[in-house]
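The values are calculated or read from the model by the stated rules, or taken from the named source; none is laboratory data. Since the model is a prediction, treat every value here as computed from it, not as a measurement. Positions of Cβ are backbone-derived with ideal geometry, glycine not excepted, and every protein chain shown enters the neighbour counts.
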Amino acid sequence: MGIHKNEKDIIFMPDAYAEVDPIKTVNGLMGQRKRWINGSNFAFEKVQKEMDKNQSEKMWWADVFLKMQIFYLNFSNLLVYFAPAILLFTFHLTMSTIKEQYLADVFQINDPNGVGSIVFSTFVNIMDFLYAVMFFGVVFLSIHLTHNNKRFIYYIYFFSTVFGLFAVITFIVILVDIANGFAKNDNCTFIVM
Amino acid sequence: MENALPGTGVFVDLLRYFILGSMLFYIFPLAIYGIFFMRIKYFWEIISGTFSFLFYSPAYLNLLNVYALCRIDDISWGTKGLDAEVGGKNANLKDTWKIVKMIDVAKFFLWNVVLGTLFIVFDSYLIIKFFVTLILLMLFTFIQVIKIIIGMCYIIKYKCITAKKNKADRETPLAHIKDPNGENPNDG
C-alpha cells in the first residue's frame, strides 16, 4: 500500500523479461521456502499490527483496498493452517468413493465372515490411519531433522510422491464421479452416499 | 441411502455444478488472455501444466508449510558457516524461541487433529457431511473467483493503458524521443 500512497501503481506486463537463478536441489528448495513462508508471515503480522497507525488521508480507497487484502490474506492463511485436516477430509471422501464404486465388486462382501469383507469394511479407516501417521511423521521429522540432512530429503521425496499420487487420484475420481452423475442422472457418490 | 436428505436432487446438482464451475472458471482469464494477446499456445501449456500443479500442490501445502512452521526459530539465511558466529549471548534467546516454536507446533498439530477427527465423525451424518462439503467448496471457489477476477482486472487494465499509449503514439509518432537539437521531429 506504500505504492498507492506514493501515487505509484502496479501494472501487469506480459512481455516482461527477467533472468533468474533457480534452485536446483530439493534441500535448497526446502530452505528457500522456509525462509520465504516465515518471512512473509512475519511481514504480514507487522503490517496487520501497524495498519491503523498509517492511514492515508489523500487516497481513502487505498485503505479500503488494504483492509480487503488483509481480510483475504487472513482467510487464505486460515485455510493453509487447516490444510492437513481439509486434505484428510478430501482423502476420506475419495477413499469412501473408491470403496463404494470399485472395491465392492472386488471383495466378496456377501460373505460376512470372509477376509475380504473385513478388509472392505475397514478400508477407509486404514487409509485415514495411514494419512494420520504420515502427517505425524512429517511434523516429527521436520522438528528433528534439517533440510541439509540427506535422509530427510528421501523422506520428502517419499511423502511428496504419495501426496501427489493421492491428488491425481482424487481429481480423476471426482471427474469420473461427476460424469457418472450426469450420465445416470443420479447422486454423485463423492458428495452424497 | 437414497432419499435420505429431503430435496437432495437440487442440492446435489448445485454441488455438481459448483465443482465443475470452479474448474471451468479458469477458462475466462485464459480466453481473455488469448483474445487480447493472440497467444493461443498458452492454452495447451496451462492444460498440460495442470497435472504437475495437481501433483505438487498437496506436497506444497502439507510438507513445505509444516516444515516452515517447525523451523520458525531458525533465522539463518541457509548459507553454511557464514552465520555461525551468532551464539553465546543469544543462547538464552534461542531457547526461548524454541519453546515458543514448540507451543506453536503443538497448537497447529492439535487443531488439525481435532478438526480432522470432527470431519471423519461428521462423515457418518449425511446432512452434516453435505453441508461441510458445500461450505468447503464454497470457500475454495470464493478464493479462486477472487484471484481470477483480480487477475482479469489487471489484464484489462494493462490492455487499456497500452492501447492509450499506442493511440498517443499514432497521433504524434516518436514524440517520446528527445531530439538533441531541441527540434520536434514531427515538424520536419
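Do you know which residues across segment B:103-131 are surrounded by fewer than 17 Cβ atoms within 10 Å (Cβ to Cβ), closer than 14 Å to A:Tyr81 by Cβ and in contact (Cβ under 8 Å) with a residue 24 or more places away in the chain?
The one that is surrounded by fewer than 17 Cβ atoms within 10 Å (Cβ to Cβ), closer than 14 Å to A:Tyr81 by Cβ and in contact (Cβ under 8 Å) with a residue 24 or more places away in the chain: B:Asp104.
For segment B:1-22, give me each residue that is surrounded by fewer than 16 Cβ atoms within 10 Å (Cβ to Cβ) and modelled with pLDDT under 75.
Narrowing segment B:1-22 to residues surrounded by fewer than 16 Cβ atoms within 10 Å (Cβ to Cβ): B:1-4, B:6-7, B:9-10, B:13-14, B:17, B:20-21.
Passing the criteria: B:Met1, B:Glu2, B:Asn3, B:Ala4, B:Pro6, B:Gly7, B:Gly9, B:Val10, B:Asp13, B:Leu14.
Just to verify a result, which residue in segment B:36-59, among those that are surrounded by fewer than 11 Cβ atoms within 10 Å (Cβ to Cβ) and either farther than 29 Å from A:Phe166 by Cα or modelled with pLDDT under 75 (or both), is farthest from the other protein chains (Cβ to nearest Cβ)?
B:Lys41
In segment A:82-91, what residues are facing chain B (nearest Cβ under 7 Å), of a type outside the set (A, V, I, L, M) and under 11 Å from the mean Cα position of the chain (by Cα)? Steps first, answer last, please.
We begin by selecting, within segment A:82-91, every residue facing chain B (nearest Cβ under 7 Å); these are A:82-89.
Cutting the leftovers down to of a type outside the set (A, V, I, L, M) gives us A:82, A:84, A:89.
Hits for segment A:82-91 are A:Phe82, A:Pro84.
Restricting attention to segment B:112-147, which residues are within 24 Å of the chain's Cα centre (by Cα) and more than 7 Å from chain A (Cβ to nearest Cβ)? Explain how you work it out, then say what you get.
First, the residues of segment B:112-147 that are within 24 Å of the chain's Cα centre (by Cα): B:112, B:115-116, B:132-147.
Answer for segment B:112-147, where residues must be within 24 Å of the chain's Cα centre (by Cα) and more than 7 Å from chain A (Cβ to nearest Cβ): B:Val132, B:Leu134, B:Ile135, B:Leu137, B:Met138, B:Phe140, B:Thr141, B:Phe142, B:Gln144, B:Val145, B:Lys147.
Which one is nearest to the other protein chains (Cβ to nearest Cβ) among residues in segment A:147-172 that are crowded, with 18+ Cβ neighbours inside 10 Å and of a type in the set (S, T, N, Q)?
Here the residue is A:Ser160.
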